Amino acid sequence: RASGAAGSYLILVFFSLMVLIPILWMVSTSFKTESETILIPPNWIPGQPTLGSYFRLWSEYPFLTYFKNSLIIVLGSMLLATAASCFAGYGVSRFQFRGRQAFMTFTLMTQMFPSIMLLIPYYKVLATYGIKDTYIGMILVYVSFTIPFCSWMMTGFFRTIPLELDEAAIIDGCSRFRAFWMIILPLTLPGIAATAIYSFITGWNEYMFAQVLINSPSLKTVPIGIAELNGFYKILWNDMMAASLISSVPLVLLFVFLQRSFISSLTAGAVKQ
């Protein structure tokens with residue numbers, strides 16, 4: 001048993017290092033000077049640690065604008081996708097209507113196709129309605145490819161809640177919407193947290209649609225800003241690593257604040273009552 005436990009710990013340590021080493025290298029490189037980033041052999045610990053890369057991000061690059069744009073687009077799409085998936089999940093789990101299963105199957109099938117297939121249709125639709133290169137256009141695009149999976153997630157959470165709760169609330173005088181809003185929805189907070197995290201991560205890391213559908217420099221997002229640090233003649237590795245580290249801060253904060261609800265969502269339904 002002791003040897004088996006030791007072997008398990010060694011495997012866990014090995015895979016943990018595989019995840020942590022790139023992150024540690026990113027942190028180390030962000031504190032290096034430009035000349036140190038191209039040393040052979042490379043230094044794990046910067047010889048002359050500096051915060052120059054972090055200061056340049058805010059003084060020489062418009063990263064504050066990139067962050068503002070990403071937050072507006074991603075938070076807007078996260079709120080819309082979460083709200084829409086809550087209504088969709090509740091409707092599918094509570095009402096019997098023709099085509100219900102076909103509807104859910106269709107939404108799931110939309111996730112099977114490569115997203116690049118939708119690039120030209122999105123471009124044409126946004127250009128036709130005059131919302132290309134706008135916040136609202138990007139929000140609608142992000143909502144469109146996060147809602148299907150979010151709806152499936154929320155449907156699963158709503159199905160774990162007994163129908164008797166709805167019936168009891170309606171008997172006590174609640175309308176259908178009030179029963180949903182006051183009774184059922186608070187019970188799905190773990191699912192809402194998981195859905196919000198998924199939607200936020202998907203939008204925050206998205207590059208391809210933002211690169212094609214955004215032309216104005218004042219509307220560019222964080223992934224585009226990081227990619228633009230890759231110059232034509234050289235790559236500023238220290239600046240790029242500093243930008244990558246800063247861009248991960250919102251994701252870390254999101255997990256910190258929603259950690260308890262997210263962990264609850266992972267174990268929800270694991271035990272049959």
Q: Find the relative contact order for the chain and round it to a whole percent, using C-alpha pairs within less than 8 Å whose residues are 6+ positions apart.
A: 29 percent
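Could you compute the FRET efficiency for LEU165 and LEU79, with r as their C-beta to C-beta distance and R0 at 25 Å, rounded to 0.05?
Efficiency at R0 = 25 Å is approximately 0.45.
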Q.
So, taking all protein chains as they sit and a 1.4 Å probe, how much accessible area belongs to TYR207, in Å² rounded to tens?
A. 90 Å²
Q.
Taking the solvent-accessible surface of protein heavy atoms with a 1.4 Å probe, what is the per residue accessible area of region 141-217 in Å²?
A. 46 Å²
Q: Would you kindly find the accessible area of CYS86, with a 1.4 Å probe and non-protein molecules such as ligands, DNA and RNA excluded, rounding to the nearest 10 Å²?
A: 10 Å²
Q) Where in the chain are the DSSP H helices whose C-alpha atoms run 24 Å or more along the long axis and whose mean Kyte hydropathy is at least 1.6? A) 2-30, 249-267
Q.
For the chain, what does the helix formula give at 222 nm: sum of -39500 (n - 2.57) over DSSP H segments with n ≥ 4, over the residue count, nearest 500 deg cm²/dmol?
A. -21500 deg cm²/dmol
(Q) Tell me the relative contact order for region 125-188 as a rounded percent, counting alpha carbon contacts under 8 Å between residues six or more apart. (A) 24 percent
Q) Given a cut-off of under 8 Å on Cα pairs at least six residues apart, what relative contact order in percent is computed for region 1-104? A) 15 percent
Q. Which chymotrypsin sites (Phe, Trp or Tyr not before Pro) in region 56-119 pass both tests, a DSSP loop state and at most 14 other beta-carbon atoms within 10 Å?
A. PHE95, PHE97
**Q.** Where a label projected 7 Å from the Cα of THR128 along Cα→Cβ would reach, residues of region 145-169 with amide N under 19 Å
**A.** 145
Q) Using alpha carbons only, what's the Rg to Rh ratio of region 103-205 with Rh from Kirkwood? A) 1.09
(Q) Please report the accessible area of VAL252 (heavy atoms, 1.4 Å probe, ligands and nucleic acids excluded) in Å², nearest 10. (A) 80 Å²
(Q) Heavy atoms only, 1.4 Å probe, whole protein assembly: order LEU254, LEU24, LEU108 by accessible area, highest first. (A) LEU24, LEU108, LEU254
(Q) Quick check: at a probe of 1.4 Å, how many percent of the accessible area of region 26-77 sits on carbon and sulfur atoms? (A) 71 percent
Q. Share of region 135-248's accessible area from carbon and sulfur, percent, 1.4 Å?
A. 69 percent
Q) When the convex hull of the Cα atoms of region 60-157 is projected onto a plane and the area is averaged over all directions, what value comes out in nm²? A) 8.0 nm²
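Of ILE147, ILE170, ILE214, which has the most accessible area and how do the rest follow, probe 1.4 Å?
ILE170, ILE147, ILE214
The values are calculated or read from the model by the stated rules, or taken from the named source; none is laboratory data. Since the structure is predicted, the reported quantities are computational estimates derived from the model, not experimental observations. Neighbour counts are summed over all protein chains in view; Cβ atoms, including those assigned to glycine, are modelled from backbone coordinates with ideal geometry. Ligands, DNA and RNA are excluded from the accessible area calculation, which covers all protein heavy atoms including side chains. Shrake-Rupley method; radii C 1.70, N 1.55, O 1.52, S 1.80 Å.
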